[in-house]
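The values are calculated or read from the model by the stated rules, or taken from the named source; none is laboratory data. Fair warning: this is a prediction, and the values are worked out from it, not measured in the lab. Glycine also receives a Cβ, built like all others from the backbone with ideal geometry; neighbour counts cover every protein chain displayed.
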Amino acid sequence: MENQPQTCQGKQTRKQLLEIKKRCRSIAGHFTRYILHTETLTEREGLRRERFGEKENSKNKTILMVGETGTGKSTLINAFINHMLGVKYNEQIWCEIIETKKNQPNTQTTAVTVYDVFIEEFPFSLTVIDTPGYGSKGGKEEDINTTKALHDLIRDKDGVHKVDAVCLVVSSKITRLLEKQQYIFDAILSLFGSDVQRNIVLLITHATQKPTNALKAIKESKLRCDETEDGEPVYFRFDNSHCEGFTPEAEDEEYRGQDYKAAWENNERNMKDFFDFLSSCKPVSLKMTEKVLTTREQLTAAINNLKDRITSTELKKQELEQTKAAVEQHEKVMKDMTDFQYEVDEPYKEKVPIESKWWNMNKEATCCTVCEENCHYPGCWWVKDPYRCTIMSRGKCTVCSGKCDYTKHVKENKMYVSKTRKVKKTNEDLKKKYEEASGKTVSLRDQLENEIRENEIEKSKLVDECYECMDKLEGIALKTDSVSTLQHIDYLIEKLKETGNREKVQKLEELKRRLT
């Protein structure tokens, strides 16, 4: 770009850099670091959105950044900002939208953070979605929170509805994709529809030359990403090691003088290649991604609801078996049932407050008041009206037994819990329940067995519904191995075995082998 617009851009960015020097906090070092002032647009559980610069009517490019701690992802995002600002080596400055501190890994945020960057006269604004948390010490609970935050971002009216590139960040030093790295990438890719694959690229850091070993590791892992005509992964390499030494502690001579200048200029060429690519990218709508996330959330809600209902079925079966044993024992002693009394553990449901911790004060459940069931927990904390809950479809619940209208549901910090209580019953209770209800004298044993069979049929139906939901998910997702799927797959296999569906058990066991 050697025409007049570049000169205009240069003047504008010089003005913006002067403002940065005046207003932003600086940290002295070999290069002076400036921590950029940003405006916080959104800040809630698991999600933060910040803006730098004045919003203008310009084109926008959106990228999603995914990578393990230590790959240099934060430094790379800062490098993007410096490139957009037109910072040159001889200015001896470095701008950070993410403040980086050497040897302080515990400062890592666990929230999904969106940075909206507006640079005067740059061809387009840049939205960067930073997704920390996957595979961290917080475990699966934190991973699920990250997924929910992304879902919130995609669903929100003022959120993100398209993406130009999904950037998988890896170090050139890797010789194989470690289990943790594979897990992180799989967890993210499982959120997207299959139409996103052509927009997935590799950003390889600490690469002073062609990253042959890293590319080989990626190919061997069969990670799905965009490919060249020769079947090679589409990648961009960067060497930001010089950027990571901008502190007073960086005294090593390799970070000084000409080495810095050469590294800076080489990185600028690589940055230009990446931004040229980004400029030509066709954005992909996240509508299918939203569908994947909604289906996944409905699956998780259905399985959680199923577990509650199976528990109720098992407690009911226990009561029936206690009744049957009492009847048989009494018949051995006497034929007259007139004074027959017995004691059982009677199941019932009680609505109890959800136990709150300091980190989940806003946890609520969506419950059906007709079926007395927990339909969604942990629920959609970002909505108040049950109608907008993820499990609702056209105003009807997709989870509860009766598929009841949303108006029959409440969203509050209480949920149903199955309990039992000791209750004494008599022959009159049995007559009222069985003989009078049926309108004729029927064998008590037959009635008990029929009720058990009905419970088993309902259980089998629910398990099959969960399986069908998972099968549907596999068809629309780029990868099926999500956190929520892995969390429940063993449970579904166990219940399918109990219902005797060997074919579906084999399919799930094969899926599990692929995932692990």
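Go through LEU168, LEU223, LEU191, LEU177 for me and flag whichever is buried (at least 24 other Cβ atoms within 10 Å of the Cβ) and assigned to a loop (DSSP other than H, G, I, E, B). Can you show your working first?
Working: LEU168 fails: assigned to a loop (DSSP other than H, G, I, E, B); LEU223 fails: buried (at least 24 other Cβ atoms within 10 Å of the Cβ); LEU177 fails: buried (at least 24 other Cβ atoms within 10 Å of the Cβ).
Testing whether each residue is buried (at least 24 other Cβ atoms within 10 Å of the Cβ) and assigned to a loop (DSSP other than H, G, I, E, B) leaves just LEU191.
Residue count for the stretch 36-73, restricted to those that are within 22 Å of LEU153 (Cβ to Cβ) and free of Cβ contacts under 8 Å to residues at least 40 places away in the same chain: 3. When the stretch 38-93 is filtered for residues that are under 24 Å from the mean Cα position of the chain (by Cα), assigned to a loop (DSSP other than H, G, I, E, B), crowded, with 18+ Cβ neighbours inside 10 Å and of a type outside the set (D, E, K, R), the ones remaining, listed by number, are GLY46, THR71, GLY72. Restricting the stretch 194-220 to residues that are under 18 Å from the mean Cα position of the chain (by Cα) and either crowded, with 19+ Cβ neighbours inside 10 Å or among the charged types (D, E, K, R) (or both), the residue that is modelled with the highest pLDDT is ILE200.
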